[in-house]
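Notes to accompany the following structure.
The values are calculated or read from the model by the stated rules, or taken from the named source; none is laboratory data. Quick caveat, the model's predicted, so the values are computed rather than measured. All Cβ positions, even for glycine, are placed from backbone atoms using ideal geometry, and neighbour counts span all protein chains on display.
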Amino acid sequence: MPAIELSDGSLYYAGTGRAARDRPPLVLVHGAGGSRLDWAPELRRLPGARVIALDLPGHGKSTAPGRDTIDAYGRDVVALLDALAIDRAILVGHSMGGAIAQQVALDWPERVAGLVLLGTGSKLPVDPALPDRIVTEPDAALDWLVEWAWHPSAAPELKAQGRQMFASAPRDVARDDYRACQRFDTCERLAQIAAPTLVIGGEDDRMVPLKFSRTLAERIPGARLVVIERAGHMFPLEQPQQVATAITSWLAEQP
């Protein structure tokens, strides 16, 4: 089982593809309460690229405890790069993972060759009551998350799979993830991001509305925005081929 050892446990990851001589690897960073399986196979096996999908501490198969700040998760991503001897990577982050990717790009810019920010923002609009409800009213919170995370047209089996994935996250880890999201704010620092950036937003995302993606694209120098139509917040699973095409096209244009 591929994993690296942190000071307080292991961090699991899965990798596909071979390193291209002219392209840094892609590191996929999932959202709150998620795992590497939040990325569809079309994205975890992106053609022509080395792709590494990790389970953040406290999630999936990683044994290290969950964190309570975006900055702490950013340090874990850098630790993974160090352990795998990756000088620079393209960070691909969804939702909270996009916040983590921004944090790394701002605090460790020399480690980031590019950013792909999906369904995320410089702030994350978390319902104030959600973190505590995950612990005190887990079934009701889970119902709310499933209702708001998926597009109404998403297949019932996909929603059922999503519910199972949400339910598998330890409640305290998911609670702390959303608390970390509530405190996250890079609004005043977006202009400092120097890495080439692709922003992808879901047309009908109700958890992180499209306006948050538009703000990122407007304020990060040189960023490009792609909108995925008929897509809710979980569009990396709902519309994986559209997302893969957008990323592949953008990668082909990078020097």
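A few notes on this one:
- Candidates in segment 118-150 are the residues that are of a type in the set (D, E, K, R) and part of a helix (DSSP H, G or I); of these, the one that is farthest from Arg163 (Cα to Cα) is Asp132.
- Some residue of segment 160-173 being in contact with a Phe, Trp or Tyr (Cβ under 8 Å, 6 or more places away or on another chain) and at pLDDT 90 or above: no
- Take the conditions (1) within 11 Å of the chain's Cα centre (by Cα); (2) on the phi > 0 side of the Ramachandran plot; Leu54 misses just one of them, which is (2).
- Pick from segment 77-117, criterion of a type in the set (A, V, I, L, M, F, W, C) and either assigned to a loop (DSSP other than H, G, I, E, B) or without any contact (Cβ under 8 Å) to a residue 12 or more places away in the chain (or both), ranking: farthest from Gly232 (Cα to Cα): Ala85
- Filtered residues of segment 5-34 (kept if in contact with a Phe, Trp or Tyr (Cβ under 9 Å, 6 or more places away or on another chain) and either outside any strand (DSSP E or B) or at pLDDT below 95 (or both)): His30, Ala32, Gly33, Gly34
- The one condition in (1) in contact (Cβ under 8 Å) with a residue 40 or more places away in the chain; (2) surrounded by 15 or more Cβ atoms within 10 Å (Cβ to Cβ) that Gln254 fails to fulfil: (2)
- Restricting segment 26-74 to residues that are of a type in the set (D, E, K, R) and farther than 20 Å from Pro2 by Cβ, the residue that is surrounded by the most Cβ atoms within 10 Å (Cβ to Cβ): Arg67
Conditions (1) under 23 Å from Leu210 (Cα atoms); (2) exposed (fewer than 14 other Cβ atoms within 10 Å of the Cβ); (3) touching a Pro at 6+ places or on another chain (Cβ under 8 Å), marked per residue:
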residue	(1), (2), (3)
Trp108	no, no, no
Val116	yes, no, no
Leu124	yes, no, no
Asp132	no, yes, no
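- On the stretch given as segment 199-233, residues that are under 15 Å from Gly121 (Cβ atoms) and of a type outside the set (Ser, Thr, Tyr) total 22.
- Output for segment 159-177, where each listed residue is assigned to a helix (DSSP H, G or I), crowded, with 16+ Cβ neighbours inside 10 Å and either touching a strand residue (DSSP E or B) at 6+ places or on another chain (Cβ under 7 Å) or not basic (Lys, Arg) (or both): Gly162, Met165, Phe166, Val173, Ala174, Asp176, Asp177
- Residue match in segment 223-241 (condition: β-branched (Val, Ile, Thr), surrounded by 20 or more Cβ atoms within 10 Å (Cβ to Cβ) and in contact (Cβ under 8 Å) with a residue 60 or more places away in the chain): no
- Residue match in segment 34-57 (condition: touching a His at 6+ places or on another chain (Cβ under 6 Å), closer than 21 Å to Pro236 by Cβ and of a type in the set (Ser, Thr, Tyr)): yes
- Neighbours by Cβ (under 8 Å, 6+ apart or cross-chain): first from segment 156-185, on the phi < 0 side of the Ramachandran plot; second modelled with pLDDT of 95 or more and basic (Lys, Arg): Asp176/Arg67; Ala180/Arg67; Phe184/Lys123; Asp185/Lys123
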